[in-house]
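Q: Take a look at this one; I'll ask things after.
Every number in this text was worked out from the coordinates using simple rules, so none of it is lab data. Keep in mind that this is a model prediction, so the values were computed, not measured. Please note: Cβ atoms are built from the backbone with ideal geometry, for glycine as well, and neighbour counts cover all protein chains shown.
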Amino acid sequence: MDKESKVIILPESNIPFKIIKLPISTNLDTFKSYLLQESTLYELNIIDGSTDENIAKLKSGAAVKSFIFEPGYVLQSPNVVISNKFNFTYLLISLIKQQQKKFDDRFIALEDFKDILNVDWIYHLPNELITNSLNIICETVCQNSEEFYKFNNDKCLNWIHDKILQLKSFIIENNTSILHKIKTELSPNMEEIPNDKLHELTLVYALDYITSSYCNVKLELIEKFDYKLDDLNNYLQKLKESEKNIEVMEANINSLKTSNKTQQAKKKSTTKKVVKRGAIDSFFKKATK
């Protein structure tokens, strides 16, 4: 094993994993490796150890990370890859959105659905994985013991909206670095923060994360749901203006203090010294007349 070795952290399981190449849900032209275990899909993400915290680092700036497998067997600074469950629904939504007209206003059987998607890799996935996602974003009917699916955009957006609300609740209820960043943005001095603004800005963070990482339907969500983005943007703009005014006032005060110190120093340096004269000085002055 060398520096190019990878350590993949997997959930504990006796069931084997299968590596499969799938497109990224936010960019269908780019593929990456996923893990498939029966009807569960895992995405693989590289952990580089980057953080804002003041921790020990290598000279290169990379995080210090080593794995001790047994005494004398240490792998230093490997590429660490962690597996997380991935909801295939995000990828399916992106695929359908790309050719939505083909799926509107008609019920389609599973095999026909796969044929219309027209991607080879879909046939390497278990039907259970696909139907679980179709049930989330489609209307369904059963005829002659066969399920038919019709894409429903409202169901799709409602499902993503619920995911955003869940993420928002998680951020607020857990003391994470993201929550600290949000609070700092609302109040750099960590003074009293309006609760409604905290919830609104956290919702924006959750919205941006879900739509940029998994499914790019941000504009549709904003149009369908009242996220109060204008009110929040106005509040943040006023907050920035207030901070700028405070900075200007502080700069003026500091400038005034510096100016006063400079003037005082000049007065000290230009003050004329009075030369004291004694009796003998007066005598010689009179003698010269």
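Q: Find the residue count for segment 25-35, including only residues that are in contact with a strand residue (DSSP E or B) (Cβ under 7 Å, 6 or more places away or on another chain) and touching a residue at least 40 places away in the same chain (Cβ under 8 Å).
A: Matching residues across segment 25-35 total 2.
Q: Still on this structure, I have one more. Among what's in segment 182-226 and is assigned to a helix (DSSP H, G or I) and touching a residue at least 60 places away in the same chain (Cβ under 8 Å), pick the residue that is surrounded by the most Cβ atoms within 10 Å (Cβ to Cβ).
A: Step one: filter segment 182-226 for residues assigned to a helix (DSSP H, G or I), giving 182-186, 195-213, 218-224.
Now restrict to residues that are touching a residue at least 60 places away in the same chain (Cβ under 8 Å): 212-213, 220-221, 224.
Values: Ser212: 11, Ser213: 12, Glu220: 16, Leu221: 18, Lys224: 15.
Checking each candidate, the answer is Leu221.
Q: List pairs: first residue in segment 79-91 and in a strand (DSSP E or B), second residue among the aromatic types (Phe, Trp, Tyr) anywhere in the structure, Cβ distance under 8 angstrom, at least six positions apart or on different chains.
A: Taking only residues 6 or more apart or on different chains, the pairs are Ser83/Tyr42; Asn84/Tyr42; Lys85/Tyr42.
Q: Let me ask another. Using the structure shown, decide if Lys101 is assigned to a helix (DSSP H, G or I), among the charged types (D, E, K, R) and closer than 30 Å to Ile193 by Cβ.
A: Values: assigned to a helix (DSSP H, G or I): yes; among the charged types (D, E, K, R): yes; closer than 30 Å to Ile193 by Cβ: no.
In short, no.
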